[in-house]
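The values are calculated or read from the model by the stated rules, or taken from the named source; none is laboratory data. Computed from a predicted structure; not experimentally measured. Note: ideal-geometry Cβ built from the backbone for every residue, glycine included; neighbour counts use all protein chains shown. Ligands, DNA and RNA are stripped out before the accessible areas are found, and what is left, the full protein with its side chains, is counted by its heavy atoms. Shrake-Rupley method; radii C 1.70, N 1.55, O 1.52, S 1.80 Å.
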2 protein chains.
Amino acid sequence: MKKLINSPDRVLVEALDGFGAAHGDIVVVDQEHRFVRRRALAADKVALISGGGSGHEPLHIGFVGHGMLDAACPGAVFTSPTPDQMLAAAEAVDAGSGVLFIVKNYEGDVMNFQMAAELAASPARDIQTILIDDDVAVEKSTYSTGRRGVAGTLVVEKIVGAAAEEGHGIDELRQLGERVVRQTRSMGVALTSCTVPAVGAPTFSLGDDEMEMGVGIHGEPGRRRMKLARADAIADEMLGAILGDLDARAGTEVLLLVNGLGGTPAMELYVMLDAARRILTDRRIEVARTLTGPWVTSLDMAGCSITVSVIDQRLRALWDAPVHTAALRWRM
Amino acid sequence: MKKLINSPDRVLVEALDGFGAAHGDIVVVDQEHRFVRRRALAADKVALISGGGSGHEPLHIGFVGHGMLDAACPGAVFTSPTPDQMLAAAEAVDAGSGVLFIVKNYEGDVMNFQMAAELAASPARDIQTILIDDDVAVEKSTYSTGRRGVAGTLVVEKIVGAAAEEGHGIDELRQLGERVVRQTRSMGVALTSCTVPAVGAPTFSLGDDEMEMGVGIHGEPGRRRMKLARADAIADEMLGAILGDLDARAGTEVLLLVNGLGGTPAMELYVMLDAARRILTDRRIEVARTLTGPWVTSLDMAGCSITVSVIDQRLRALWDAPVHTAALRWRM
């Protein structure tokens, strides 16, 4: 295993310490490393809390700040955070307007956020949940019943985060998030496996000429193992699966996210973006917004995912609204 | 070779097309792909132009925009751009206040920017050059006489870019850039080689338990091949070399850049940042600003570099000044 770490059992704490020191103007890292919260909490605002296993950075800690999350709970690598983390985060950021959990559809996350909701709820604290299951690759997987939640999570966190800044109530925000989930689909491809620090060996093995189409962000199996293909063919297969499951007819406006899985450099992601744009334009789907980069990663995995979100004027305005987090920043 | 591309000879053009489509609000990609320029050119401002071989993205194209570069000329992968590219860029962005070239110290870049300066200069157009040679690893290398220019380039482009927005003249900007170069040192380490698309095989080979200390951003040899070490030991060796060559006594204020080389995920970079911060703090050097991420990459190479810049109140203010580029954005 080749990693820039001191030891597998120190990697998360040291990374959080480095993150907190680097972005101390935006976030506060809890002393017990249970959560990362916004430094400047807003009054009278629904608190948005997400979390999940670490190893997908910048998701979720890099999206804490104005216009996105109020707190994020980092679990051990590829392991759900425990309910006490979400409980502590809720107590730290609850401004009296309710707490909205944003949860990727993995069994551990779903169970632990549900337990946290039961522990944290009170007559004075309304807790609701948005469940994200945007991955069209498979209908069930190693750690999930139903579809997995992947890079579409960023879109939900950005759009619901912007609406929360506008002061909307928790019911409305949950419904908005659920609408974004219904209109968002993703699929990924791996050229290499990731290596979990505590394991020390690749999660799966791929031949020198193979890729895993439909891979999950923890290295879960996808739809099929296939020969390495050209960027255009990869984008075509991923978009075929996405658009086959999404109501995105000619004339529809979409947000296109080309997401790096950690080990793939920018140049290849822009090649994939170019390929995806050509395919969507051929179908007369209007690519109104794009985002390209390593946003929802899988440690050091080489590969990418494509996410398409159907948007309209309202969702586009929320996407464009100011955001100031460690990883995502615009108009501020 | 496992890459998300269509073909090695199309990768640069397609990546530039994707980049231009993604960031069309900030940049314009020249139709012949000779340069990327700011969409909104400022009047009466010294034009800053950089460039170099591609494969180091987001450097330089990702740093074109308000507060940094006016244009960047992307060469083929790891190959200097040709003088006609810089000439075309100069003609596209010259606002009549002179053109400042920012050049990393590689023989091809130095020669081609020099030829471009001769071609583009006229009685009406003053052209000057800042040469960057921040890499302390080796005194000469495969493609360079004297020290190589690496991630410190980002610091020069940011600080001189901010000063150019303030309206300073070309002599003052060149002198400012030369001061930043004198006060900036870097060193890198590779855990794996990169693979150049047109070559199709790793540039060098490293054993499963080896790393290359002092590697160049094209995979040039460093100081020594050594056994993989802990993050703290790696940071200690790199900072030892950097601080041994930099006047950064106790009480000095510095900017610390932990730069990913392309294949290393954020978690490891924050571990390295945490390690570097502890070492600098132990020496009573004040880490006033940090930046962490894959900013000056080497295709898919796993590894990182550390850059330390001595700053003062003036340089800190220029670093903090608004910037709005594809890759680096704050206060706008």
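Across the residues of B:227-235, average count of Cβ atoms on other protein chains within 10 Å?
Counting Cβ atoms of other protein chains within 10 Å of each residue's Cβ and averaging gives 3.
By the scheme Lys and Arg +1, Asp and Glu -1, what is the net charge of all other residues having a beta-carbon under 15 Å from that of B:TYR270?
Its environment carries a net charge of -3.
May I ask you to give the percent of accessible area on region A:62-195 that is carbon plus sulfur, with a probe radius of 1.4 Å?
Roughly 52 percent of what the probe reaches on region A:62-195 is carbon or sulfur.
Can you give me the % of accessible surface on region A:289-330 that is carbon or sulfur? Probe 1.4 Å, all protein chains present, nothing else counted.
Carbon and sulfur: 54 percent of the exposed surface of region A:289-330.
Evaluate the relative contact order of chain B (contact order divided by residue number), counting alpha-carbon pairs under 8 angstrom at least 6 apart; express in whole percent.
Result for chain B is 18 percent.
Using a 7 Å offset from Cα along the direction of the beta-carbon, what are the separations from A:GLN313 to the same position in each other copy, nm, ascending?
Once sorted, the set of distances for A:GLN313 reads 5.0 nm.
What are the distances, in nm and sorted shortest first, from the label point of A:VAL199 to the label points of the same position in each other copy, with each label point placed 7 Å from Cα along the Cα-to-Cβ direction?
Reported distances to equivalent positions: 3.1 nm.
Evaluate the relative contact order of region B:1-80 (contact order divided by residue number), counting alpha-carbon pairs under 8 angstrom at least 6 apart; express in whole percent.
Relative contact order of region B:1-80: 27 percent.
In Å², what does the accessible area per residue of chain A work out to with a 1.4 Å probe?
Per-residue accessible area for chain A comes out at 34 Å².
Can you classify region A:154-261 as rounded, prolate or oblate using the Cα gyration tensor, where a ≥ b ≥ c are the square roots of its eigenvalues, rounded means a/c under 1.5, and otherwise it's prolate if a/b beats b/c and oblate if not?
Verdict is oblate for region A:154-261.
Taking springs between alpha-carbon atoms closer than 10 angstrom, which of A:SER205, A:SER193, A:SER54 fluctuates most in the Gaussian network model of chain A?
A:SER205
Let a ≥ b ≥ c be the square roots of the eigenvalues of the Cα gyration tensor of region B:8-182; is it rounded (a/c under 1.5), or, if not, prolate (a/b larger than b/c) or oblate?
rounded
Could you identify which residue out of A:ALA22, A:ALA321, A:ALA124 has the top mean-square fluctuation in a GNM of chain A using Cα springs shorter than 10 Å?
A:ALA124
Rank A:VAL28, A:THR142, A:MET115 by how far each Cα sits towards the positive end of the charge dipole of region A:8-182 (+1 on Lys, Arg Cβ; -1 on Asp, Glu Cβ) and give me just the farthest.
In region A:8-182, that residue is A:THR142.
Using the crude model of +1 on Lys and Arg Cβ and -1 on Asp and Glu Cβ, and no other charge, please compute the dipole size for region A:123-272 relative to its Cα centre, in debye to 20.
280
Go through B:ALA72, B:SER7, B:LEU154 and say which Cα lies farthest out towards the positive end of the charge dipole of chain B; charges sit on Cβ, +1 for Lys and Arg, -1 for Asp and Glu.
Sorting the options by dipole projection puts first B:LEU154.
Find which of A:VAL296, A:LEU273, A:GLY96 sits farthest along the positive direction of the dipole of chain A, computed with +1 on the beta-carbon of Lys and Arg, -1 on that of Asp and Glu, about the Cα centre.
A:LEU273
To the nearest 20 debye, what is the magnitude of the charge dipole of region A:27-106 about its Cα centre, counting +1 on the Cβ of each Lys and Arg and -1 on the Cβ of each Asp and Glu?
The calculated dipole for region A:27-106 is roughly 180 debye.
Normalised by the residues of region A:8-182, what does the relative contact order come to in percent, with Cα pairs under 8 Å and at least six apart?
RCO, region A:8-182: 20 percent.
Enter the buried accessible area of the A/B pair, total of both sides, probe 1.4 Å, in Å² rounded to the nearest 100.
4500
Dipole of region B:184-313, Cα-centred, from +1 at each Lys and Arg C-beta and -1 at each Asp and Glu C-beta, to the nearest 20 debye?
180
What residues in region A:50-73 lose 20 Å² or more of accessible surface when the other protein chains are added to their chain alone (1.4 Å probe)?
A:GLU57
With a/c under 1.5 counting as rounded, go ahead and sort chain A into rounded, prolate or oblate using the C-alpha gyration tensor (a ≥ b ≥ c being the square roots of the eigenvalues; past the cut-off, prolate if a/b is larger than b/c, else oblate).
oblate
Starting from a label point 7 Å past Cα on the Cβ side, list the distances from B:SER7 to the same position in the other copies, nm, shortest first.
So the label point of B:SER7 gives 5.3 nm to the other copies.
Mean-square fluctuation check for chain A, GNM, Cα pairs under 10 Å: which of A:THR264, A:THR252, A:THR307 is largest?
For chain A, modelled as a Gaussian network with Cα springs under 10 Å, the answer is A:THR252.
Using alpha-carbon positions, what is the distance between the centroids of region B:122-167 and region A:277-332, in Å?
33
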